[in-house]
Amino acid sequence: MNVRPYTLLVVDDSQLTLPRLARALGPEDFALRVTSHGAEVPRLAREVALVVLCPGEEASGTLALLDRLLSSDNPPGPPVLVLAPPEPRETWLEALRRGAEVVFDPWDADELAARVRRCLALQARMEALATQVGELQRLSSTDGLTGVHNHRHFQERLRDEFRRAQRYDDALSLILLDLDHFKSVNDQHGHAAGDGVLREVAGALQRGVRETDLVARYGGEEFAVLLPRTHLTGALTVAERVRRELRALRVGPDGCLRVTASLGVSSFPHRSVLTPEQLLLTADEALYRAKHEGRDRICLHSQMPPFPPPPSQGG
């Protein structure tokens, strides 16, 4: 058992069951709280490990409360054990159908303790499984090297955010960036140093955006930044901040490597952006133009003038 006792919520209008439960379960393993049937029971249930429900006079009221306690909320609430008399049969049968454990009253103390422990053990396994599923979901959407989202997750979010922007007539912007001359980093300093650069860049990107924005490794040394509810002017501000922050990075084993990036920016709504694929394509075309025009700069998907290169920028 736990070092600290489990807390059980006993729902009993008569409050006559509590002394018998205390004798059957023992205070060293279980702490008991008692309340009557009422609207506050689901809230109180969130604070305990198990709910012990004694049926009230109205079977329908008991089953309605049971439905609320065993609703498909996320995360799920605690398990429920119903202490029911053998008759009427329909009450405890309905409790079983809804997912509760049932013990007949009057009960055998050893059986009751065993049923309570089984409920708690099953709940612990379910919680552990939910944690594992959550971790697997996180891993399936994360790039193993950089820790930001991966290409597949980015494509899913791009479609979702584009549909939302269309539906609510909202803005959506996308920044694609590619590290300049990254092949030379791998060639001159080794792939381990290149991997370190990618991790540093990913960290800088995450620090430079809002929690609601999405940073993803699009592929190789290319990253994507999806900016929900952000118009073109806001996206340009983010892009310029990112470009400057990357340019200021000193990375590599000795902190001697400098990083620059070329960025392409696209936004919705725009006359040439009617689908998520077009948002991605126009950002990619803008990125290609930034590379072609000299790197370390930002280009747009429209005919608007891009940010000028810094004074020290070479060809």
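The values are calculated or read from the model by the stated rules, or taken from the named source; none is laboratory data. Nothing here was measured: the structure is a model prediction, and the numbers come from that model. Here the Cβ is made from the backbone with ideal geometry for all residues, glycine too, and neighbour counts use every protein chain on show.
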Checklist outcome for this item: Going through the stretch 220-255 in order, the residues found to be at pLDDT 90 or above and not in a helix (DSSP H, G or I) are G220, E221, E222, F223, A224, V225, L226, L227, P228, R229, T230, H231
Checklist entry - Taking the stretch 142-185 on its own, how many of its residues are more than 30 Å from L257 (Cα to Cα), of a type outside the set (D, E) and in a loop (DSSP other than H, G, I, E, B)? => result 2
Item to check | Tally of residues being touching a Gly at 6+ places or on another chain (Cβ under 9 Å) and in contact (Cβ under 8 Å) with a residue 40 or more places away in the chain across the stretch 180-197 | outcome: 5
Item to check | Subset of the stretch 164-192 [touching a strand residue (DSSP E or B) at 6+ places or on another chain (Cβ under 9 Å), of a type outside the set (S, T, N, Q) and surrounded by fewer than 17 Cβ atoms within 10 Å (Cβ to Cβ)] | outcome: R164, D170
Item to check | Criterion violated by D187 - all others in (1) among the charged types (D, E, K, R); (2) at pLDDT 85 or above; (3) more than 16 Å from the chain's Cα centre (by Cα) satisfied | outcome: (2)
Checklist outcome for this item: Of the residues in the stretch 256-274 that are assigned to a loop (DSSP other than H, G, I, E, B) and touching a helix residue (DSSP H, G or I) at 6+ places or on another chain (Cβ under 7 Å), the one that is nearest to R159 (Cα to Cα) is S272
Checklist outcome for this item: Counting only residues in the stretch 135-176 that are β-branched (V, I, T) and touching a residue at least 40 places away in the same chain (Cβ under 8 Å), the one nearest to E200 (Cα to Cα) is identified as T146
Checklist outcome for this item: The correct count of residues that are in a loop (DSSP other than H, G, I, E, B) and either surrounded by fewer than 15 Cβ atoms within 10 Å (Cβ to Cβ) or out of contact with any Lys or Arg (no Cβ under 8 Å at 6 or more places or on another chain) (or both) in the stretch 14-52 is 15
Checklist entry - L81 fails exactly one of the following numbered conditions: (1) outside any helix (DSSP H, G or I); (2) without any contact (Cβ under 8 Å) to a residue 60 or more places away in the chain; (3) within 30 Å of E285 (Cα to Cα); (4) out of contact with any Gly (no Cβ under 9 Å at 6 or more places or on another chain). What is the number of that condition? => result (3)
Checklist entry - Which of the following residues is closer than 26 Å to E285 by Cβ and surrounded by fewer than 18 Cβ atoms within 10 Å (Cβ to Cβ): R125, R117, R199, R152? => result R152
Item to check | S71 vs. criteria out of contact with any Lys or Arg (no Cβ under 7 Å at 6 or more places or on another chain), in a loop (DSSP other than H, G, I, E, B) and exposed (fewer than 13 other Cβ atoms within 10 Å of the Cβ) | outcome: yes
